[in-house]
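Quick notes on the structure that follows.
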Amino acid sequence: MSFLFGSRKTPAELLRENKRMIDKSIREIERERQGLQTQEKKLIVEIKKNAKQGQMGAVRVMAKDLIRTRHQVEKFYKLKSQLQGVALRIQTLKSTQSMGEAMKGVTKAMGQMNRQMNLPSLQKIMQEFERQNEKMELVSEVMGDAIDDALEGDEEEEETDELVNQVLDEIGIDTNSELLNAPSTSVAAPAAKNKVAQAEPTGNEDGGIDNDLQARLDNLRRM
């Protein structure tokens, strides 16, 4: 009838309709099998009753009926199993079709995205990102070195004083008492010489550090 009105069912609709028919047939077979099993129980009761009464002719007839009933129940089991196998294949086909439709949509979306991508533009963006990333790392390095250089002298001086005091404490010498008992002239002269000696290289190192920082800053301006 669907061809008369110009409407055709889709494969998914056909699969769903056939699956519904198979499920209905399985329910009917199951209902018939349960009825035969109920009849089998009744026959067993009747056979025992007639056997007690000595009616062996009736017992033989009902025994044949019982055998046929059991064979029919076995056939219903087999038929149900076959229909369930067919239903499983239909469900597999339906799942395969759904997966195919999903893959079709994904492939179409991927094609549209690939067509919208501009490879040269992406390459240019990545190059610019890499350049800016390198510039940021260089700026961070310069700032870190400048801060380290500015704090390095104080930290080293504090660490030196702590180390000297620790060593003197271990050997049992009091720093304050030793300084008070030491001659003032003999200590002052070497101390002055040390200050002069330390002042000269400090100036040279500061100049080297300033030159290095200036070179890095010039490199940043060129980027």
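The values are calculated or read from the model by the stated rules, or taken from the named source; none is laboratory data. As the structure is a prediction and not an experimental result, all values here were calculated from the model. Here the Cβ is made from the backbone with ideal geometry for all residues, glycine too, and neighbour counts use every protein chain on show. Accessible surface areas use protein heavy atoms only, side chains included; no ligands, DNA or RNA. Shrake-Rupley method; radii C 1.70, N 1.55, O 1.52, S 1.80 Å.
Put simply, of A58, A102, A51, A63 the only residue that is within 30 Å of T10 (Cα to Cα) and at pLDDT below 90 is A102. Here V73, V61 are screened, and the one residue that is in a helix (DSSP H, G or I), surrounded by 12 or more Cβ atoms within 10 Å (Cβ to Cβ) and touching a residue at least 40 places away in the same chain (Cβ under 8 Å) is V73. Checked against (1) part of a helix (DSSP H, G or I); (2) within 30 Å of S95 (Cα to Cα), R8 passes all but condition (1). State whether the residues of region 79-86 include one that is in contact (Cβ under 8 Å) with a residue 12 or more places away in the chain, surrounded by 10 or more Cβ atoms within 10 Å (Cβ to Cβ) and farther than 18 Å from R31 by Cα. Checking region 79-86: at least one residue is in contact (Cβ under 8 Å) with a residue 12 or more places away in the chain, surrounded by 10 or more Cβ atoms within 10 Å (Cβ to Cβ) and farther than 18 Å from R31 by Cα. Against the numbered list (1) more than 29 Å from the chain's Cα centre (by Cα); (2) open to solvent by 90 Å² or more (accessible area, probe 1.4 Å); (3) modelled with pLDDT under 80; (4) more than 30 Å from A215 (Cα to Cα), V164 comes up short only at (2). The set of residues from region 17-58 being touching a residue at least 12 places away in the same chain (Cβ under 8 Å) and either of a type in the set (V, I, T) or at positive phi (or both) comprises I22, I26, I29, I44, I47.
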